[in-house]
Amino acid sequence: LTIDRNIQYVTEKELKKAVQSSAAKGGLAIVMNPRTGEVLALAIQPSFDPNRFSAFSPQVWKNRAVTDTFEPGSTFKVFLLASVLEERAAGPGDIFFCENGAWGVGGRVIHDTHSYGWLSLGEIIKVSSNIGASKVGQKLGKEKLHRSLKNFGFGLRTGVDLPGEVPGFLSAARHWSDVGLANICFGQGISTTALQLTAAFAVFANGGTLMKPYTVKAVLDPQGGVLKEN
């Protein structure tokens with residue numbers, strides 16, 4: 001396997017500590033080599049002992065890193081920014097008016113946690129402005145953003161060699177309303193798996209290339225000869 005037992009041990013230990021300290025219902029942690037797609041660690045809380053699996057609820061048997069989806073929220077703003085720069089719809093020097101904390105779109109009001117005026121692209125990411133992100137997405141447009149998100153792998157299975165993977169949800173751009181576009185810009189109205197999100201973030205550490213995650217490094221015969229190598 002690609003799993004590194006030392007990294008796996010530390011990952012499990014730190015995840016358990018984080019879940020307990022925040023009183024969370026559960027948590028996921030993945031460590032991946034961005035240049036190869038090798039999954040070095042994959043931890044889930046609550047966990048179970050595979051040697052005594054019948055003593056645990058079937059709910060915890062699942063590999064939730066590939067079977068469960070969630071809205072990525074503001075982590076998604078990074079992909080919006082990458083899309084805008086890739087399409088040259090805006091540049092680092094461009095500024096956007098963030099409406100001092102409240103902005104009406106499509107009959108709804110989008111809020112920021114703090115009141116902001118003019119912000120650059122970098123500042124929108126830094127302070128995590130929902131309004132700024134929505135305005136950036138409006139300038140980029142539905143079709144270009146949708147195409148870029150597909151290129152990052154959203155709405156598609158990663159193809160990892162683990163059972164039960166789901167593709168997440170990314171509707172076609174033609175179904176996006178004005179408020180739907182705004183919501184997607186800050187990670188709502190879309191769902192992803194933890195592994196899908198990890199693979200997409202790894203693109204930034206790999207020169208823009210999306211790698212397929214995998215956990216089987218090689219298949220050996222009984223004598224130790226290599227039958228297959230990923």
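For every residue, the table says whether it meets (1) surrounded by fewer than 22 Cβ atoms within 10 Å (Cβ to Cβ); (2) in contact (Cβ under 8 Å) with a residue 12 or more places away in the chain; (3) within 29 Å of residue 96 (Cβ to Cβ).
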site: 143; (1), (2), (3): yes, yes, yes
site: 158; (1), (2), (3): no, yes, no
site: 181; (1), (2), (3): yes, yes, yes
site: 200; (1), (2), (3): no, yes, yes
site: 210; (1), (2), (3): yes, yes, yes
- Query: Is the range 162-174 home to any residue that is assigned to a helix (DSSP H, G or I), farther than 19 Å from residue 42 by Cα and open to solvent by 40 Å² or more (accessible area, probe 1.4 Å)?
  - Reply: yes
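For the range 9-53, give me each residue that is closer than 26 Å to residue 227 by Cα and open to solvent by less than 60 Å² (accessible area, probe 1.4 Å).
Passing the criteria: 32, 33, 34, 36, 37, 38, 39, 40, 41, 42.
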- Message: I need a count of the residues in the range 114-130 that are open to solvent by less than 30 Å² (accessible area, probe 1.4 Å) and touching a helix residue (DSSP H, G or I) at 6+ places or on another chain (Cβ under 7 Å).
- Response: 4
- Task: Please go through the range 54-73 and pick out each residue that is surrounded by 12 or more Cβ atoms within 10 Å (Cβ to Cβ), without any contact (Cβ under 8 Å) to a residue 60 or more places away in the chain and assigned to a helix (DSSP H, G or I).
- Result: 60
- Give me the pairs, please: first residue somewhere in the range 97-125 and in contact (Cβ under 8 Å) with a residue 60 or more places away in the chain, second residue anywhere and of a type in the set (Asp, Glu) and part of a helix (DSSP H, G or I), beta-carbon distance under 8 Å, and either six or more positions apart or on two chains. 105/178; 106/178
- Of the conditions (1) farther than 30 Å from residue 143 by Cβ; (2) of a type outside the set (S, T, N, Q); (3) not in a loop (DSSP other than H, G, I, E, B), residue 114 fails just one. Which one is it? (3)
- Query: For the range 175-214, what are the residues that are of a type in the set (Gly, Ala, Ser) and closer than 22 Å to residue 44 by Cα?
  - Reply: 191, 194, 199, 200, 202
- Task: Kindly indicate whether residue 137 is of a type in the set (Gly, Ala, Ser), open to solvent by 40 Å² or more (accessible area, probe 1.4 Å), within 28 Å of residue 202 (Cβ to Cβ) and outside any strand (DSSP E or B).
- Result: no
- Say whether the condition of being within 17 Å of residue 181 (Cβ to Cβ) and loosely packed, with under 15 Cβ neighbours inside 10 Å is met by at least one residue in the range 96-105. yes
- Go through the range 44-103 and count every residue that is in contact with a strand residue (DSSP E or B) (Cβ under 8 Å, 6 or more places away or on another chain) and on the phi > 0 side of the Ramachandran plot. 1
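The values are calculated or read from the model by the stated rules, or taken from the named source; none is laboratory data. Just so we're clear, the structure is a prediction, and the values are computed from it rather than from any experiment. Counting neighbours? That spans all protein chains shown, and the Cβs are built from the backbone with ideal geometry, glycine included. Surface accessibility is based on the protein's heavy atoms, side chains included, excluding ligands, DNA and RNA. Shrake-Rupley method; radii C 1.70, N 1.55, O 1.52, S 1.80 Å.
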